[in-house]
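Single-structure report; data block below.
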Amino acid sequence: MDIIVLKPDVSDEQIEKIVKKLELKGLKPHISKGTERTIIGVIGDTSKITEDEENAIRAIPGVEEVVRILKPYKLASRDFKKTDTVIKVDDLEIGGKKVHVAAGPCAVENRVTLINIAEKIKSAGATFLRGGAFKPRTSPYSFQGLGVEGLKYLAEAKEKTGLPVISEIMDPRDIDVMIDYVDILQIGTRNMQNFKLLMEVGSVDKPVLLKRGMSATIKELLMAAEYILSRGNEKVILCERGIRTFETATRNTLDLSAVPLLKSLSHLPVAVDPSHGVGKRELVSPMAVAAVAAGADMLLIEVHTNPEEALSDGEQSLTPEQFKEMMKKVAAVAKAVGREV
Ligand code: PEP
Ligand code: MN
């Protein structure tokens, strides 16, 4: 037994009873109170618990389920939850039949450009607006993002278009301000193992899009997701965005095998970001289509009205016209694999 799922109406006395039983066995219970339910993670050598003892715990009123999970990531695993997790944002559902497309500039640059891009991607069929207000740049001399001002423009663009907003959080200290402006918090590739940040976003009631670290294995990605889930936030979207390999012809190597693999190992929705995966405008559309064929639940696409002048990632940004063309192909492939956009 590794996880004890409690009923919503479980009492403190019942929790105490379970905790005592576990501690007597030398095990460490980790209680996480989520918004929907409470879970006790059991840390230590759980093979010490006999089948009879396990059944006794199962019989305690207030216990919904007792699950033994062999994988190191537990709450993220399919063994823990067989059905696909569907994450609601406003009236949209991520992880269901519909493939969502989040599009927008790499960085929020100014109010007018952002609103213009938002209107164009919306009319082409995007369902989310992406855009960084806090930018993780390789050079400290590059544009670092507009910060809170950028968040305000994103919120205004949402008001005008109805598109929910996804934006990157880099620092746990920004969480309070971001919560008010953003619908999905993005954790970037460079922060996938920023454990303090993971724990912080795990403590709030806001969906998190967790990007795979550029040198992270699938197991490491799932363990990072586990940090968020174990804090009680069940709304995690995993995102493949390309990994570092020996190849230099593309910015990264987009590992699309990660999509069906993650879907089999985990119940969480899977997104793909072909823009950062390839780093080249002309390869984005073919890889977006391939991602949908591979089973992606969501795409992240960088779009800019004037890519040549973009303050970051212009070379991988599509023009609104190119995005519109891409959406037609994505829609056709989605239909072919029993999905819709
Ligand atoms: C981004 O989405 O603009 C971004 C910085 O992504 P990544 O963390 O995947 O590089
Ligand atoms: Mn970018």
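Structure values in brief
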quantity	calculated
Sequence ranges 197-204, 234-241, ranked by mean other-Cβ count within 10 angstrom, highest first	234-241, 197-204
Per-peptide average of other Cβ atoms within 10 Å, ordering 249-256, 297-304, 44-51 highest first	297-304, 249-256, 44-51
Residue 329/residue 250 FRET efficiency (R0 30 Å; Cβ-Cβ; nearest 0.05)	0.95
Additional length obtainable on full extension of the chain from residue 82 to residue 16, 0.36 nm per residue less Cα span	20.9 nm
Taking the chain and dividing mean pair separation by its residue count, relative contact order in percent (alpha carbons under 8 Å, at least six apart)	17
At R0 = 41 Å, FRET efficiency that the Cβ-Cβ distance of residue 257 and residue 196 yields, to 0.05	0.85
Expected 222 nm ellipticity per residue - DSSP helices of 4 or more, -39500 (n - 2.57), all of the chain, to 500	-10500 deg cm²/dmol
Spacing of the two label points (7 Å from each Cα toward its C-beta) at residue 315 and residue 35, in nm	4.0
Cα gyration tensor, segment 239-340 - rounded (a/c under 1.5), prolate or oblate	oblate
Computed FRET value (nearest 0.05) for residue 47 with residue 173, which takes r as the C-beta separation and R₀ as 30 Å	0.15
Gyration tensor (alpha-carbon) shape descriptor, the chain, a/c threshold 1.5	prolate
Segment 17-102: Lys pairs at Cα distance under 19 angstrom, eight or more positions apart or on different chains	23
Prolate/oblate/rounded call for segment 85-143, Cα gyration tensor, a/c under 1.5 rounded	oblate
Virtual spin-label span in nm between residue 64 and residue 90, 7 Å along Cα→Cβ	2.9
Rounded to the nearest 20 debye, dipole of segment 64-212 from Cβ charges on Lys, Arg, Asp, Glu	680
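Read-outs: derived from the displayed coordinates by stated rules, not from any lab. Everything numeric in this text was worked out from a predicted model, so none of it was measured. With ideal geometry, Cβ positions are generated from the backbone for all residues, glycine too; neighbour counts draw on all protein chains shown.
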